[in-house]
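Asker: Would you mind keeping the following structure in view while I ask a few things?
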Amino acid sequence: MSGTLTSPQLTAADRCDRCGAGARVRATLPAGGELLFCGHHAKEHTDRLREQGAIISSEADI
């Protein structure tokens, strides 16, 4: 389930919260806040984040 970005579009300055690589995915958390992930870490964490109700948005959704 993809959603609409509520924050500005991802830019080259946005970095993965796990490794510092360029961010490709934004996870908006149900309690507020967001996490940014590179493609590798997005694949690793997306299923669990969706189970917890996060809205996952990727560059392809923009």
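Asker: Only one of 42, 31, 21, 54 is of a type in the set (A, V, I, L, M), exposed (fewer than 11 other Cβ atoms within 10 Å of the Cβ) and more than 16 Å from residue 9 (Cβ to Cβ). Can you tell me which?
Answerer: That would be 31, the only listed residue that is of a type in the set (A, V, I, L, M), exposed (fewer than 11 other Cβ atoms within 10 Å of the Cβ) and more than 16 Å from residue 9 (Cβ to Cβ).
Asker: In the chain, which strands (runs of 3 or more DSSP E) lie fully inside it and hold 1 or more residues that are modelled with pLDDT under 95 and within 11 Å of the chain's Cα centre (by Cα)?
Answerer: Details: elements: 25-28, 34-37, 55-58.
Filter on the chain gives 55-58.
The values are calculated or read from the model by the stated rules, or taken from the named source; none is laboratory data. Here the structure is a predicted model, which is why all the values come from computation and not from measurement. Using ideal geometry, Cβ is built from the backbone for each residue, glycine included, and neighbour counts are taken over all protein chains shown.
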